[in-house]
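Accompanying notes for the structure given below.
The values are calculated or read from the model by the stated rules, or taken from the named source; none is laboratory data. Source: prediction; values computed, not measured. Here the Cβ positions follow ideal geometry from the backbone for every residue, glycine too, while neighbour counts run over all protein chains shown. Ligands, DNA and RNA are excluded from the accessible area calculation, which covers all protein heavy atoms including side chains. Shrake-Rupley method; radii C 1.70, N 1.55, O 1.52, S 1.80 Å.
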Protein chains: 2
Amino acid sequence: MRPESEVFREFLIHKGMRSTPEREEILAEVFAHHDHFDVEELIMRLRRRGLRISRASVYRTLALLVESGMVGEVYIEDGHMHYEHIYGHEHHCHLRCLGCRKLIEFRNGSLKEMEKRIGQENDFEIIGHKLEIYGYCAACRGEES
Amino acid sequence: MRPESEVFREFLIHKGMRSTPEREEILAEVFAHHDHFDVEELIMRLRRRGLRISRASVYRTLALLVESGMVGEVYIEDGHMHYEHIYGHEHHCHLRCLGCRKLIEFRNGSLKEMEKRIGQENDFEIIGHKLEIYGYCAACRGEES
DNA sequence: TTGTAAATGAGACTCTATATCATTATTTTA
DNA sequence: TAAAATAATGATATAGAGTCTCATTTACAA
Ligand SMILES: [Mn+2]
Ligand SMILES: [Mn+2]
Ligand SMILES: [Zn+2]
Ligand SMILES: [Zn+2]
């Protein structure tokens, strides 16, 4: 698998855009952790590494990463957008606990077939999906009973 | 099936809250159309009916309707929340066209079984799900080729 | 009818995200 | 390499969604 930096640089060049230190640092930080982060958290992580990249550039670069398909948006009912890196990872969906708000990842092969069927039934060319299942995790069920 | 107003009133009473003309009018308007609306649109519809209900009350009442389960939140990448009435309707998911942004509803029986399996595999008590599939509708595919 | 607790409405406020624009950096061209 | 052209950055202003405050009004129950 080709390194993230290379793929991103190619994406930028293809769009007639430039590779900059800021963009490379943000990319590196985004791929340094596997979790669901928000912009504020990302800025903090960059700061901790001694980098003072402006909020505007962080927002702009995240938009580019999403457009490139290397980063995904995660909807968390929290008033602001969250993100996760995707490139190099198998597609997954999210289980959300309504008790502790924890987000659990799970893989789901059978959605592929379902997608195919739904596409045919609705005359739709399907590119992807977002599935979030919500309920209660083991820990939260235990506490209540 | 019991009328919306009755169900909502019961929900309010159960919470120690009061039934008010504003809440009833908002409820009625929400159930007057089957579509995916935002707060601004809802306020406009109320205005057209000669009602001047404050923005704050509309927001507050929508939150109650969502809490009651009669109304669902619809995530549209548009900078603000959208809603749809749910009570009295079979559960459905959304197909979104990346071309014209149209939102198509579809029903999906096989997700029930999938939910069951995923719940067992992840030790999760599943309450519900949100599935959005995105791709290109027939019209948008036609235009391009 | 009266008292009390809750809801409304106007507007201030918060917060996320975007737009603006002067300055700085990168890339191209000569 | 130097100069010109183009794009990106960062500081800050701005926009917009949604929440909060609080004085006034209303619903409900005693
Ligand atoms: Mn994830
Ligand atoms: Mn719908
Ligand atoms: Zn939990
Ligand atoms: Zn379309």
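Only residues that are open to solvent by 80 Å² or more (accessible area, probe 1.4 Å), without any contact (Cβ under 8 Å) to a residue 12 or more places away in the chain and not charged (D, E, K, R) were counted across the range B:36-62, and they come to 1.
Among the candidates A:126, A:133, A:104, the residue that is touching a His at 6+ places or on another chain (Cβ under 6 Å), open to solvent by less than 60 Å² (accessible area, probe 1.4 Å) and either basic (Lys, Arg) or more than 16 Å from DNA strand D (Cβ to nearest atom) (or both) is uniquely A:133. Would you please name the residue that is surrounded by the fewest Cβ atoms within 10 Å (Cβ to Cβ), looking only at residues in the range A:107-123 that are within 20 Å of residue B:128 (Cα to Cα) and at the interface with chain B (Cβ under 8 Å from one of its Cβ atoms)? Restricting to residues being within 20 Å of residue B:128 (Cα to Cα) and at the interface with chain B (Cβ under 8 Å from one of its Cβ atoms), the top hit is A:110.
Considering (1) assigned to a strand (DSSP E or B); (2) more than 8 Å from chain A (Cβ to nearest Cβ); (3) of a type in the set (Lys, Arg), say which one residue B:130 fails and leave the rest. Condition (2) is where residue B:130 drops out.
Within the range B:44-95, being more than 16 Å from ligand 2 (Cβ to nearest atom) and either in a loop (DSSP other than H, G, I, E, B) or within 14 Å of chain A (Cβ to nearest Cβ) (or both) holds for B:49, B:50, B:51, B:52, B:53, B:54, B:59, B:63, B:67, B:79, B:80.
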